[in-house]
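K.L.:
Starting off with a structure, shown below.
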Amino acid sequence: QVRLVESGGGLVQAGGSLSVSCTAGGTFGIIPMDWYRQAPGKQRELVAGIRSDGTTNYADSVKGRFTISRDKDKNKAYLLMNSLKPEDTAVYCCHVRYRGADYWGQGTQVTVSS
């Protein structure tokens with residue numbers, strides 16, 4: 001069983017930065033963690049992911065601007081978002097897959113104003 005809790009969302013001006021975090025509660029080792037986002041009228045998309053070995057991947061739209069990292073001791077994932085654009089506005093959700101099941105956090109709203 002995995003419980004995910006996000007925090008850090010808010011309002012930021014275009015060009016600014018914001019960091020969101022996801023804490024994974026439960027009894028398990030290091031597992032991959034991902035950040036997804038969904039904007040109104042758009043499909044949910046994978047923004048960034050970090051594998052058990054620390055390897056990361058990013059959507060082309062955020063590559064070079066966003067950075068995903070993890071605190072292995074706490075199984076806590078972070079997403080640092082720089083050079084934010086209005087198109088980055090969305091609900092950002094943390095995701096993990098554990099023992100064949102998908103777990104999602106409630107999401108945190110990120111709004112970028114122009």
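K.L.:
What are the pairs, 6+ residues apart or on separate chains, where a residue within the stretch 1-24 that is surrounded by fewer than 17 Cβ atoms within 10 Å (Cβ to Cβ) has its Cβ under 6 Å from a residue that is part of a strand (DSSP E or B) and among the hydrophobic types (A, V, I, L, M, F, W, C)?
P.N.:
Correct list of pairs: 8/20; 14/112; 19/80; 23/5.
K.L.:
Then there is this: Quick one: count up the residues across the stretch 60-70 that are outside any loop (DSSP other than H, G, I, E, B) and either open to solvent by 80 Å² or more (accessible area, probe 1.4 Å) or of a type in the set (S, T, N, Q) (or both).
P.N.:
Residues flagged as outside any loop (DSSP other than H, G, I, E, B) and either open to solvent by 80 Å² or more (accessible area, probe 1.4 Å) or of a type in the set (S, T, N, Q) (or both) within the stretch 60-70 amount to 2.
K.L.:
OK, next. For residues that are over 13 Å from the mean Cα position of the chain (by Cα) and acidic (Asp, Glu), scanning just the stretch 66-114, find the one that is nearest to residue 16 (Cα to Cα).
P.N.:
The residue in question is 87.
K.L.:
Working only within the stretch 25-59, note down all residues that are buried (at least 18 other Cβ atoms within 10 Å of the Cβ) and closer than 15 Å to residue 111 by Cβ.
P.N.:
Within the stretch 25-59, 37 is the sole residue that qualifies.
K.L.:
Right, another one. For the stretch 71-101, how many residues are assigned to a strand (DSSP E or B), modelled with pLDDT of 95 or more and open to solvent by 10 Å² or more (accessible area, probe 1.4 Å)?
P.N.:
5
K.L.:
Can you tell me which residues in the stretch 32-57 are among the small types (Gly, Ala, Ser) and not in a loop (DSSP other than H, G, I, E, B)?
P.N.:
Of everything in the stretch 32-57, those that are among the small types (Gly, Ala, Ser) and not in a loop (DSSP other than H, G, I, E, B) turn out to be 48, 49.
The values are calculated or read from the model by the stated rules, or taken from the named source; none is laboratory data. Just so it is clear, the model here is predicted, and its values are computed rather than measured. Here Cβ is always computed from backbone atoms with ideal geometry, including for glycine, and neighbour counts include all displayed protein chains. Accessible surface is based on the protein model in full, side chains and every heavy atom, while ligands, DNA and RNA are left aside. Shrake-Rupley method; radii C 1.70, N 1.55, O 1.52, S 1.80 Å.
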